[in-house]
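Heads up: the structure comes next, in structure tokens.
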Amino acid sequence: MVVNMYFIVIFLVIALSALCMVYMLYKLLKGHDQYPVQSLSQKIALACTGIISFVADTIGVGSFAVNIAIAKTFKLVKDVELPGFVNGAQIIPGAIEAVFFLGVLHVDFVTLVVLVLGATLGGFIGGIFASKINATAVRLIMIFAFVGVILLLLGNLFNILPVGGDLLKLSGIKLIVGFIGMFFAGFLVCFGVGLFALVEAILFLLGMSPKVAFPIMTTAGAIQQPVTTFAFLINNTIPLKKALIVGCFGIIGVFIGVNIVTMLSTDGLHWLLVVVIGYNTISLIRSFIKSKDNQA
């Protein structure tokens, strides 16, 4: 029965991603790409971007920030293209990540569905109310929250604080708290806070094994991403060829990344989590400073 349920989740991930890819290719063949790739050197740079960003994505850092940083540094994508670019590039590699981690890192099915549903609902609600909430204040709160989680992680690694754990499932009040936490994780993504770092932090605080974070966060992303990309496709605001180049070469990055994750011990994954959350904290601090400078 559980195997059948997992099959349904995997089928949903593959079906959504396949539908999105078919629509992207259809629009590309119909000549609807408003942001064409200009040169061979740009194609090579986009291919390298895909490999690098999806190694980062697979180990839990996330691909959005890496894609944006490389694209802006080498002027591969204009600012107006960025939202559609990072979402569209995620479709193929994101689906592969989710299917792989669901197959090799097992998590209780009820826990998986409840937490993924929480993140999905949070993302939907966040998209509606994002413009009405002060993003700068949210980022400042998350900076302090992430610093707190890093301190807890270090306390656990040096055996100072008894936090973290190896749970593979949640039940009762912990499952409810997990749903609420994932709802806010999905909600906060609308303000530029990385989903992967939030999910890993929430599951760590709930005492779950760091390994189960990977199937949960990649499944949440693989279900959300095609839906978001469809919106960009309908509005013709996605650089189709650029996103497809990054996504196709991102598959190589995924296969490199999964080998890194599966080789790490629990302590190794906790150290990786320190790096991931630290990276996201620095990104949030930079965004906070930039927003304050713009207001000045």
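The values are calculated or read from the model by the stated rules, or taken from the named source; none is laboratory data. Everything quoted here is computed from the prediction, not taken from an experiment. When we count neighbours, we look across all protein chains shown, and the Cβ atoms used for this are built from the backbone with ideal geometry, even at glycine.
Quick look at the numbers
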{"item": "Members of region 25-50 found to be out of contact with any Leu (no Cβ under 9 Å at 6 or more places or on another chain) and buried (at least 19 other Cβ atoms within 10 Å of the Cβ), listed by number", "result": "GLY50"}
{"item": "Long-range neighbours under 6 Å by Cβ, at least six apart or interchain, first residue in contact (Cβ under 8 Å) with a residue 60 or more places away in the chain and farther than 15 Å from ALA95 by Cα within region 8-37, second acidic (Asp, Glu) and assigned to a helix (DSSP H, G or I)", "result": "TYR35/GLU81"}
{"item": "Pick from region 57-89, criterion among the small types (Gly, Ala, Ser) and either free of Cβ contacts under 8 Å to residues at least 40 places away in the same chain or in contact with a Ser or Thr (Cβ under 6 Å, 6 or more places away or on another chain) (or both), ranking: surrounded by the most Cβ atoms within 10 Å (Cβ to Cβ)", "result": "SER63"}
{"item": "Candidate set from region 89-130 (those that are under 23 Å from PHE187 (Cβ atoms) and in a loop (DSSP other than H, G, I, E, B)); member that is modelled with the lowest pLDDT", "result": "VAL107"}
{"item": "In region 50-86, the residues that are under 19 Å from PRO36 (Cβ atoms) and not in a helix (DSSP H, G or I)", "result": "PHE74, LYS75, LEU76, VAL77, LYS78"}
{"item": "Answer residue from region 138-161, given it is modelled with pLDDT of 75 or more and exposed (fewer than 12 other Cβ atoms within 10 Å of the Cβ) and is farthest from the chain's Cα centre (by Cα) among those", "result": "PHE158"}
{"item": "Residues located in region 246-276, provided they are assigned to a helix (DSSP H, G or I) and of a type in the set (Gly, Ala, Ser)", "result": "GLY247, GLY250, GLY253, GLY257, GLY268"}
